[in-house]
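Any read-out appearing in this document is the output of simple, stated calculations on the displayed coordinates, not a laboratory observation. Predicted, not measured: the structure shown is a model, and the values here were computed from it. All Cβ positions, glycine included, derive from the backbone under ideal geometry; neighbour counts span all protein chains shown.
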Amino acid sequence: MTCKKEFIQLMHHYLDGDLNKEEEQQLRTHLQSCKECQNHFQELKRTITLLESNSHLQPSPNFTNKVINSLPKEKKRISYLR
Amino acid sequence: METKIKEKIKLVKKGDQSAFEEIVAFHQSKVYQICYRLIGNTHEAEDLAQEAFIRAYVNIHSYDDNRKFSTWLYRIATNLTIDRIRKKKPDYYLDAEVQGTDGLNMYSQLPADQVQPEEEVESLEIQTYIQNEIMALPTKYRSVIALRFVDELSLAEISDILNIPIGTVKTRIHRGREALRKRLRHV
């Protein structure tokens, strides 16, 4: 596939939001006619969806408390009382 | 929200420790997720996230109010985690993968006292699989992938956090994305 490398580059630039209107149209037109690139592009988009599914990753419920309890103590005010 | 966070930071800088609580609560998920994507272990990720917040607190006076707080915080978390990876000795955790068992972890060797719903197991399996594939990437790719896909950070922010040129960020994202495409196409 001689077309592939160039268009794969375009796909990545597209996914980075780096394409201008003209390049985007070029990619779109190509994807309509090339099954293989279309497939590649779908796989990339799916990969991104999988990577973005982070919501199940959460620290333990008492995380904030643990952090606050581990902070160095506030500087004690000098007490003049004895 | 960024304005509200900045107000809180002003209070922290004045010595108000309780103002830090809201800052932690607001950022904890993202910081934890970045650490986890990089280190691949829940205990270590939590430990690193905690350490990142403590460092942020201790060094709050070196935070420049004109910049985005999350960028500064993520840099601390990322550096700590990368540092840990470098120093890492083989360690065994309950949820570390058991060698040669293809994704099984120590939990699966413990008697199951409770049956999980099927879809939960399935999605957990998929998620474990995804993380394993991320872990197969070199750290420099993992770090851009973690930052890009955890908080949808801009390429410029990632470049700032990792202190590498934006062109390098792009190349690493492209390569990382391609590598994961190949590994994840059958999921």
Cα-based Rg and Dmax for region A:1-51, where Dmax is the largest Cα-Cα distance (Å): 10.5, 29
Distance (nanometres) between label positions extended 7 Å along Cα→Cβ at A:GLU52 and B:ALA156: 2.1
Distance violations [Cα-Cα > 32 Å] among B:LYS14/B:LYS88; A:LYS35/B:LYS68; A:LYS73/B:LYS88: B:LYS14/B:LYS88; A:LYS35/B:LYS68
Separation in nanometres of the label points that stand 7 Å from Cα toward Cβ, at B:ILE85 and B:PHE26: 2.8
Alpha-carbon centroid distance for the pair region A:1-64 / region B:42-56, whole angstrom: 31
Rough spin-label spacing in nm, given labels placed 7 Å along Cα→Cβ, for B:ASP16 and B:SER62: 2.5
